[in-house]
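Everything below concerns the one structure shown next.
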Amino acid sequence: MKSKLQYLLLVLLLTAGCKVGYNFNGASIAADVKTISIQYFPNYAPNVQPTLSQVFTEKMKDKFLSQTNLKLLDKNGDIDFEGSITGYSVAPTAIQGNDIAAKNRLTITVKVKFTNTKDEKQNFETSFSRFADYGGTQNLAAVESGLIQTITDQLVDDIFNKSVSNW
């Protein structure tokens, strides 16, 4: 009985020093991480969509503010995101007779630098890319806004998962 009590006490003492916050959204953020900064993501893609930088940057902020307890700072947060939009392209994905595209694909690529000042092992710099298809008879201008919303949601989820969900 005495050894079980000692074992239990030892386990409690060892785990008391490990402080990681877990949320129902899958985020695991160390307790000493209190702030976040998300820099504006400029659009350096060869094809520039005028509102994409603003849409993407605001979605990043919204995701982290709604899914974590972190306080947003303009700069120098405990965790920091910076980067740029490096790709915005449309390409046919399915060609039918007479060289007409049955489907087209809009692809957006974002380069992200993630810095965790509390745990430098988590830092990364990588590109994320997502796409959405639309019908070949549809005009891009007619579906572009919805496609951008869908793709940026996916990109932000990917970045969130890589940075704070340890997936």
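In Å and from the alpha-carbon atoms only, list the Rg and Dmax of region 33-164.
16.7, 58
Full-extension gain between D119 and T93, please, as 0.36 nm times their residue separation minus the C-alpha to C-alpha distance.
Extending this stretch completely gives an extra 5.2 nm.
Please list the non-local residues whose amide H lies under 5 Å from the amide H of N43, H modeled 1.01 Å from N, same-chain partners needing a gap of 5 or more.
Counting only residues 5 or more places away or on other chains, the set is I85.
List the relative contact order of region 38-146 as a percent without decimals, with contacts defined as Cα pairs under 8 Å and 6+ residues apart.
Once normalised by length, the contact order is 23 percent.
Can you work out ³J(HN,Hα) from phi for every residue in region 41-57, in order, using Karplus 6.51 cos²θ - 1.76 cosθ + 1.60 and θ = phi - 60°, giving whole Hz and x for Gly and Pro?
9, x, 9, 10, 5, x, 9, 9, 9, x, 9, 4, 4, 5, 4, 5, 4
Post the alpha-carbon centroid distance, region 54-95 to region 113-131, in whole angstrom.
12
Can you list residues whose amide H is under 5 Å from L73's amide H, if they're 5+ apart or on another chain and H is modeled 1.01 Å from N?
I36, S37, I38
Residue separation times 0.36 nm, minus the C-alpha to C-alpha distance between S127 and S28: what's the value?
Residue separation times 0.36 nm, minus the Cα-Cα distance, leaves 33.4 nm.
Along region 138-150, what does the Karplus equation 6.51 cos²θ - 1.76 cosθ + 1.60 (θ = phi - 60°) give for ³J(HN,Hα), rounded to whole Hz, x for Gly and Pro?
So the J values, rounded to whole Hz, are 8, 7, 3, 4, 6, 10, 4, 4, x, 5, 4, 4, 4.
Could you list E125, E58 so that the one with the fewest beta carbons within 10 Å of its beta carbon is first and the one with the most is last?
In increasing order of surrounding Cβ atoms, one gets E125, E58.
Ranked by Cβ crowding within 10 angstrom, fewest neighbours first, how are D78, D158, D32 ordered?
So the ranking, lowest neighbour count to highest, is D32, D158, D78.
Between their Cα atoms, which of K103/K162; K113/K162; K63/K121; K59/K118; K111/K162; K59/K103 are more than 20 Å away from each other?
K103/K162; K63/K121; K59/K118; K59/K103
Quick check for me: using +1 on Lys/Arg Cβ and -1 on Asp/Glu Cβ, what's the dipole size of region 23-164 about its Cα centre, in debye to the nearest 20?
It works out to roughly 60 debye.
If you plug each phi of region 102-107 into the Karplus form 6.51 cos²θ - 1.76 cosθ + 1.60 with θ = phi - 60°, what whole-Hz ³J(HN,Hα) values come out, in order, with x for Gly and Pro?
Whole-Hz 3J(HN,Hα) from phi for region 102-107: 7, 9, 10, 10, 9, 10.
Rule-based calculations on the coordinates, nothing more; no lab input. Nothing here was measured: the structure is a model prediction, and the numbers come from that model. With ideal geometry, Cβ positions are generated from the backbone for all residues, glycine too; neighbour counts draw on all protein chains shown.
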